[in-house]
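S.K.: Okay, handing you the structure first.
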Amino acid sequence: MSTALKATEWESAGTVDASVQDAFDVNAHFNLWLDHLQGFQKPIASPTLETSAEETSEIYIGSFPGSNCEVTFEGILHFDGYSIGNISSPEGTLILTRRGRIEADINVGVAVISGSVTGNITATERVILESEAQVRGQIHTPALSVRLGAIFDGDCVLTAPAHHAKVEQRSEETHSGALEYMAMAASA
C-alpha cells in the first residue's frame, strides 16, 4: 500500500505509522520532495504575453495535394514547407530553408534559397543559392550568388537592375543638356 503525503504533512512525516507507509515505496518520498520543491521554484520561462493576431510573426499555410494555391506576401517570408503554387512578392524577400521545397515559379525582390526549387525564379534585386540549394529552372535577376555545393540545373538570364535604367536616362539628359550648352556657346 502506498501513500502520497502532501507538503503540509512534510513535518509530520516522521510520525506516520510504519504500517501505513511502505519503506520501499519511493513514489511517496518523491511526491513529498516534488510538492515541497514546487513551493520554492520560480518559472523557467517568462509567462507568455497575450498578442493580437496582427502581432504574430508566424503564418502557417496549408493546402491539399493538387490544389494550386498561390502565395503572395509583403516583407520577408521564411518558407519551411512544401508548395506547388506560385510565390509572388515583387519587392519582398523569400528565404527558403533547407527543408523547404517549391515546385512552382517564384517572383520576388530577393530570393535566398537553401532548399529545393523546381521552377523559374525571377528576382528584381538578387538571388542567393546557398550551399544546400537545388534549383532546376531559369533564373532572371540582375545579381546571382552561388555558394560552393549548390546545384543549379538551368539557365540564368542576368538582367539590368531597375535603378540602372534611371541612371542611364539621367546621364543621357545631362549629356544632351551639356551638348546644347556647348553648341550655344560655340555659336555665340
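S.K.: Just give me the residues in the stretch 110-150 being of a type in the set (Gly, Ala, Ser), part of a loop (DSSP other than H, G, I, E, B) and in contact with a Pro (Cβ under 9 Å, 6 or more places away or on another chain), in sequence order.
M.R.: Hit for the stretch 110-150 is Ala143, nothing else.
S.K.: For the stretch 119-127, indicate whether the set of residues that are modelled with pLDDT under 95, open to solvent by less than 10 Å² (accessible area, probe 1.4 Å) and small (Gly, Ala, Ser) is non-empty.
M.R.: Checked against the condition, which is being modelled with pLDDT under 95, open to solvent by less than 10 Å² (accessible area, probe 1.4 Å) and small (Gly, Ala, Ser), the stretch 119-127 yields no hits at all.
S.K.: Another one. Considering only the stretch 85-109, state which residues are open to solvent by 10 Å² or more (accessible area, probe 1.4 Å), in a strand (DSSP E or B) and closer than 24 Å to Pro161 by Cβ.
M.R.: Scanning the stretch 85-109 gives Ser88, Pro90, Glu91, Thr93, Ile95, Asn107.
S.K.: Looking only at the stretch 129-146, filter to residues that are in contact with a strand residue (DSSP E or B) (Cβ under 6 Å, 6 or more places away or on another chain) and open to solvent by less than 30 Å² (accessible area, probe 1.4 Å); which one of those is nearest to Ile84 (Cα to Cα)? Give the derivation first.
M.R.: Step one: list which residues in the stretch 129-146 are in contact with a strand residue (DSSP E or B) (Cβ under 6 Å, 6 or more places away or on another chain), which gives 129, 133-136, 139-141, 143-146.
Checking which are open to solvent by less than 30 Å² (accessible area, probe 1.4 Å) leaves us with 129, 133, 135, 139, 141.
Numbers: Leu129: 20, Ala133: 17, Val135: 15, Ile139: 18, Thr141: 22 Å.
It comes out as Val135.
S.K.: Now a separate question. Of (1) open to solvent by 70 Å² or more (accessible area, probe 1.4 Å); (2) of a type in the set (Ser, Thr, Tyr); (3) at pLDDT below 75, Tyr82 satisfies all except one. Which?
M.R.: With respect to (1) open to solvent by 70 Å² or more (accessible area, probe 1.4 Å); (2) of a type in the set (Ser, Thr, Tyr); (3) at pLDDT below 75, Tyr82 is out only on (3).
Conditions tested, residue by residue: (1) modelled with pLDDT of 90 or more; (2) of a type in the set (A, V, I, L, M).
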residue: Asn86; (1), (2): yes, no
residue: Val108; (1), (2): yes, yes
residue: Val135; (1), (2): yes, yes
residue: Leu144; (1), (2): yes, yes
residue: Glu180; (1), (2): no, no
residue: Ala183; (1), (2): no, yes
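The values are calculated or read from the model by the stated rules, or taken from the named source; none is laboratory data. Note that the structure is a prediction, hence the values are computed from the model and not measured. All Cβ positions, even for glycine, are placed from backbone atoms using ideal geometry, and neighbour counts span all protein chains on display. When the accessible area is computed, the model is the full protein with side chains, heavy atoms only, and any ligands, DNA or RNA have been set aside. Shrake-Rupley method; radii C 1.70, N 1.55, O 1.52, S 1.80 Å.
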